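Shown next, in structure tokens, is the structure this report addresses.
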Amino acid sequence: MIQKTFSYFGRVLRPFSVLLLLLLFLIPPDVMALLPEKIAVLPFKIYMLKPMDHLVLGLQEMLTARLTKEGFDLINPATINKGELSKVKVSELDVARRMGKEKGVDWVIKGSLTQIGKKISLDLAIIPISTEKRPFSIFVVGDRIDKLDQVMERVAATATNRIKGVVQIDSISVEGNKRIETDAILAVIESQKGAKYDQDTLNKDLRSIYQMGFFEDVQIDTKESPGGKSVAFKVSEKPSIGKITLLGTKKIDQ
């Protein structure tokens, strides 16, 4: 009786399975491309003198939440941590791809937090399951541990841009400044390394630098780089007063 029941349901469900497969084939590729990419964020490695083991899973959950807000489909960390995928090393590229494929994900992300002195660094190794895409890495530096949340925001934004193929700023430099410090110039601009490359923002940055009042001319030079665009602000400083000489003066009696 049980065998007959299963046989009956099998006959009923089989046509629906065939119909589902046909629908998947009928969905246009451009519509499939709009589906959110699925990502697995693995537990983080922590390299600090002071034990902070809670960050192993804490940072994993934090990055998962950030990427979910960006529209990606994230696997629940609790699900990942029950399997062998959570133990995969960055160097085990083929293993990560195989296990990631079994989980049905498009990307696997392995991260680490390093602290040297007061400075911290968040590093991500981002592995595409597709062999047609190349793995890449991201790192963002922060001044101290209490800035960790801000550093995570930046690293998540950079990861989002790279995964989505958005052109981003790979590096920012200042050229031609002699008296005005580079940090003072960078402090007045909005563009940051890892942010989306936006010409309107760069033009606004150019005006902000010029309005500092120290430069005769400010120009922007951009070049292609492996991580996006390299941006250089080229400045020409106003001449400074080196010597004051008074001519034609006479002695004035008191």
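The values are calculated or read from the model by the stated rules, or taken from the named source; none is laboratory data. The structure displayed is predicted, hence computed values, not measured ones. In this analysis, Cβ positions are derived from the backbone assuming ideal geometry, glycine residues included, and neighbour counts consider all displayed protein chains.
Here Lys229, Lys178, Lys234, Lys238 are screened, and the one residue that is loosely packed, with under 13 Cβ neighbours inside 10 Å, over 21 Å from Thr114 (Cβ atoms) and touching a residue at least 40 places away in the same chain (Cβ under 8 Å) is Lys178.
Each residue in segment 94-149 was checked for being more than 19 Å from the chain's Cα centre (by Cα) and of a type in the set (Gly, Ala, Ser), and 5 of them qualify.
The number of residues in segment 36-56 being modelled with pLDDT of 95 or more, under 18 Å from Val105 (Cα atoms) and in a loop (DSSP other than H, G, I, E, B) comes to 2.
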